[in-house]
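Notes to accompany the following structure.
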Amino acid sequence: MNPYLAGTLLGLVLLMSMYLSGRGLGASGGLKYCVVAVVGALDKNHAEQSVYYSKYFADGQQPAKNWLTFIILGVLAGGFVSGAISRRLQFRIEKSPGISRTRRLIFAFIGGVFFVYGAQLARGCTSGAALSGMAVLSLAGFVTMMSIFGSAYLFAYFFRKNWI
């Protein structure tokens, strides 16, 4: 897809998200609500007595019915439907010819761990902290976006051999 068209569509989705739900985009909290819902389903007693989990079940709340949980489910369903429509629904590991599949999977896993940790530390993912933050002219949103691009630029030199 043309990157200018994709950027414009993303901006429209962000605008509609803010208009219809009063919230911006963001998905890192959705995974947390999914995990909390699973913990609550497996061991309700533990979830209600835990200092961390109990706040998600206070006053009869159900984390599985949180709007962020539906975003995660929508992303999964949308990706599946998109892959099926475009006939690209297959398991494939995309990697550089210069690295092994195992190395690619290990680096992807480590990158995912760092992303999740950073998203929790920053109280939001790229979409929530940077895009939605910048859309409302938040200084933190601009600092987050500059940090994302700056750190990517700095670390690209060290990790480029894994992708070229």
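Laboratory data are not the source of any read-out in this text; all were calculated from the coordinates shown. Here the structure is a predicted model, which is why all the values come from computation and not from measurement. Because the Cβ atoms are built from the backbone with ideal geometry, glycine has one as well, and the counts that use them run over all protein chains shown.
Residue exposure proxy: R23, R104, R160, ordered by other Cβ atoms within 10 angstrom of their Cβ from fewest to most, comes out as R160, R23, R104.
What's the extension gain from Y153 to W67 if we count 0.36 nm per residue and subtract their Cα-Cα distance? Can you show the working numbers first?
Details: separation 86, 0.36 × 86 = 30.96 nm, distance 3.38 nm.
Contour length minus Cα-Cα distance gives 27.6 nm.
Working from Cα pairs under 8 Å separated by at least six residues, relative contact order for the chain is 24 percent. Below 8 Å between Cα atoms, with a sequence gap of 6+, how large is the relative contact order for region 72-164 in percent? Reported relative contact order: 27 percent. Given +1 at the Cβ of Lys and Arg, -1 at the Cβ of Asp and Glu and no other charges, the dipole of region 3-150 around its Cα centre is 540 debye to the nearest 20. Only Cα sites of region 1-62 enter the Debye sum here, all with the same form factor; the resulting log10 I(q)/I(0) across q = 0.15, 0.18, 0.22, 0.28 1/Å is -0.63, -0.72, -0.85, -1.08, listed in q order. Which label belongs to the value computed from this structure, given these candidates for semi-axes √(5λ) of the Cα gyration tensor in Å: [x] 56, 20, 12; [y] 32, 18, 14; [z] 29, 22, 19? Computed from the coordinates, semi-axes √(5λ) of the Cα gyration tensor in Å corresponds to [z]. Test of understanding: extend the Cα→C-beta vector of K55 to 7 Å, then name every residue of region 124-139 with backbone N under 14 Å from that spot. Within reach of a label on K55, which here means backbone N under 14 Å from a point 7 Å along Cα→Cβ, region 124-139 contributes 124. Looking at M145, A119, W163, which one has the Cα that reaches farthest to the positive end of the dipole of region 93-164 (charges on Cβ: Lys, Arg +1; Asp, Glu -1)? Looking along the dipole axis, the top candidate is W163.
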